[in-house]
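What follows is a set of notes on a single structure, which appears directly below.
The values are calculated or read from the model by the stated rules, or taken from the named source; none is laboratory data. Worth saying up front: this structure is predicted, and the values here are computed from it rather than measured. Because the Cβ atoms are built from the backbone with ideal geometry, glycine has one as well, and the counts that use them run over all protein chains shown.
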Amino acid sequence: MSIFVDDDTRVVVQGITGGEGKFHTRQMVEYGTNVVAGTSPGKGGQDVDGIPVYDTVSEAVEEEDATASVVFVPPAFAADAIFEALDTDLDLVVAITEGVPTQDMAKVNKRLSETDTRLIGPNCPGIITPGEAKLGILPGNIFEEGNVGLVSRSGTLTYQVVSNLTERGIGQTTAIGIGGDPIIGTSFIDALEAFENDPDTEAVVMCGEIGGEDEEQAAKFIAENMDTPVAGFIAGRTAPPGKRMGHAGAIVSGSGTGTAESKINALNDAGVPVGDTPNEVADHIEDFL
Amino acid sequence: MKLHEYQAKNIFAEAGIPVPESRLASSVDEVMEAVEDIGYPAAIKAQVHVGGRGKAGGIKIAMDEDEARQAAEDILGMDLKGYTVEKVLVEAGVDFENELYVGITMDRSEGKPVAMVSTEGGVNIEEVAEENPDAIAREHIDPAFGLHPYQARKVVFEAGIPRDVAFDVASFLSTLYDLYEANDASDIEINPVMITSDRDVVAADAVMNIDDDALFRHDDLAAMEEDSYEDELEAKAGEYGFDYVRLSGNTGIIGNGAGLVMTTLDLVDYYGGTPANFLDIGGGAKAERVANALDMVFSDENVDSVVFNIFGGITRGDEVAKGINEALEQFDEIPKPVVVRLAGTNAKEGMEILNTDLVQVEATLEDAVQRAVENAKEVSQ
């Protein structure tokens, strides 16, 4: 079992003819993902490595029964691409694009609430169910099939923690990068709830970072709703207030909300051990299993 | 991107929001010319991107010529929390009876903009929010429809704004939301909004920040950006296009991806060192970018040791290794010890070409950080 994606997921790549889109489509196919179509307005009828290209997402859904899309469209057009995906009945949209204007995402967020589609991202590495499917840019070779779920706001930090797990022979059910932007589709809580309901997920890693209050809310959710054990990591303990640490969402406000300390305390209060190093997170997971 | 008060007020005035008469000045003579036209009392206000200007001495009220000259001499050229004051706004004093707070920002947890109104203007609103949260009325805005007029009235009435000016404040708020949306602002805040003795509503201050990710569609706003880096290195990072934050420690840090770079900083601290900076080379960096990053960190005189931590997803280890070699081979003597840790995509290929005469190599993040911290301690002794 897994959450959100598996080998039945039929993927359409939005922006398949662009440099990033083409490169990562090849990587996804190589990993075994079932990429059934791509879109690129004006290039309908062409193909990329034999994958048919359509002008619109609705054609791709109609002709190839796509169930999920991955968005590799530049930031200026990304919100439009997500709206297009939401207006079909896809189950899942994964937006990789970094730098989508926040007010665009507020409008997307409103539309999202009226649909049954799940959005992951934007500004995220995507999602992988090891051995079955990868939607996004995560390096497939560091993952291994197993029983640990992982949800993270950061891409490369995810890779670090996954490699700490895989090196010990601890595999993963599904790993999700939810993205580092202020407004995102899938939250920690959405992912945690899905892992809780997945019979194969025996433990969960949650990697948060400074900024916002999502980790505090997730801690509350864990305390009230989860039996599956969770171990945490919070990046940004040494970040000074008022400075944006790369991610648009990673900023401690002047009034002191969004600090690592507040998040670590909330997680500890919820019974979640928080590692001082990524390797310590793997120690905690090993203890759970 | 932060706008200066004078820039935001120009935008407000064009949209029909009343602001006090004002002039921008960058010398004492210009200040004196401005006050002659505007009259007394006049406010002399430093135009720098710093909160709490007033408390820090960046705002003074002048009642006559001598005071105006003194204020101009004091403020122009002064250092306000690391920024040098080069411009002041000379503004007509407002004879006010009430001070209000009005703001619009993005509520991350709701994924919606929120309008905020309070009768407790003129003071630090974050303190009000903490000590007396009920003093701030809030109304969430559906971004698909914008702020409905009824919502503007509702939040104004809820805040307890005096009835005779309530409609004026509500229409003021509606205009602000239009500006917030049209300019892709991340925040707009007017603190205080003054109610004058004639019961007019005037924007006495103006904070307006623009979403950096939306600047591509606002050439007019992008052109207003003034270099306001706190130091030369941050300016250099801007040129190279790095996400960079300078800190006060002596272990330089370079990595890829915000979360992993933050983690590397945290580990430097955890192992007893002090981080000198946050530097994210971003995804898919090529050799030249890697070399630029090393150049940046080497030119920070506080740095005694460097840790280079790459976990490649779309970034390739061999490109990184090439960049490190190129950057270091130009030196007769390596200026500061560099510890490198490569993992992920093409890490093996990278390790093969990395010139290990020039760098120290560690296999894990923890070992790399500990070694860099030790190096920093040795060098600084």
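Some points to look at:
- Selection within region A:118-167 - basic (Lys, Arg) and surrounded by fewer than 24 Cβ atoms within 10 Å (Cβ to Cβ): A:118
- Of all residues in region A:234-265 being over 16 Å from residue B:108 (Cβ atoms) and in contact (Cβ under 8 Å) with a residue 40 or more places away in the chain, the one that is surrounded by the most Cβ atoms within 10 Å (Cβ to Cβ): A:235
- Subset of region B:31-52 that is touching a residue at least 60 places away in the same chain (Cβ under 8 Å) and either outside the structural domain of residue B:66 (by TED's automatic domain parsing) or not aliphatic (A, V, I, L, M) (or both) - its residue that is surrounded by the most Cβ atoms within 10 Å (Cβ to Cβ): B:49
- Some residue of region B:287-301 being closer than 23 Å to residue A:209 by Cα, part of a loop (DSSP other than H, G, I, E, B), under 23 Å from the mean Cα position of the chain (by Cα) and in contact (Cβ under 8 Å) with a residue 24 or more places away in the chain: no
- Of all the listed residues (B:117, B:94), the sole one being under 26 Å from residue B:201 (Cα atoms) and either touching a residue at least 60 places away in the same chain (Cβ under 8 Å) or surrounded by fewer than 22 Cβ atoms within 10 Å (Cβ to Cβ) (or both) is B:94.
- Only listed residue being within 8 Å of chain B (Cβ to nearest Cβ) and either in a strand (DSSP E or B) or closer than 21 Å to residue A:123 by Cα (or both), chosen from A:246, A:258: A:246
- The lone exception for residue A:170 - which of (1) surrounded by fewer than 24 Cβ atoms within 10 Å (Cβ to Cβ); (2) within 14 Å of another protein chain (Cβ to nearest Cβ); (3) assigned to a loop (DSSP other than H, G, I, E, B); (4) among the aliphatic types (A, V, I, L, M) it fails: (2)
- Only one of the numbered conditions (1) in the same structural domain as residue A:7 (by TED's automatic domain parsing); (2) outside any helix (DSSP H, G or I); (3) over 23 Å from residue A:201 (Cβ atoms) is not met by residue A:181, and that is (1).
- Every residue from region A:24-51 that is loosely packed, with under 15 Cβ neighbours inside 10 Å and assigned to a helix (DSSP H, G or I): A:26, A:30
- The set of residues in region A:1-12 being of a type in the set (Val, Ile, Thr) and more than 16 Å from the chain's Cα centre (by Cα) consists of A:12 alone.
- Subset of region B:163-199 (residues that are assigned to a strand (DSSP E or B) and not aliphatic (A, V, I, L, M)): B:186, B:187, B:189, B:191, B:192, B:196
- Counting only strands (runs of 3 or more DSSP E) that sit wholly inside region B:237-284, those with at least 3 residues that are surrounded by 24 or more Cβ atoms within 10 Å (Cβ to Cβ) are B:251-255, B:277-280.
- The single condition among (1) in contact with a strand residue (DSSP E or B) (Cβ under 7 Å, 6 or more places away or on another chain); (2) in a helix (DSSP H, G or I) that residue B:202 does not satisfy is (2).
- Reported count of residues in region A:74-87, each being surrounded by 24 or more Cβ atoms within 10 Å (Cβ to Cβ) and in contact with a Ser or Thr (Cβ under 6 Å, 6 or more places away or on another chain), is 2.
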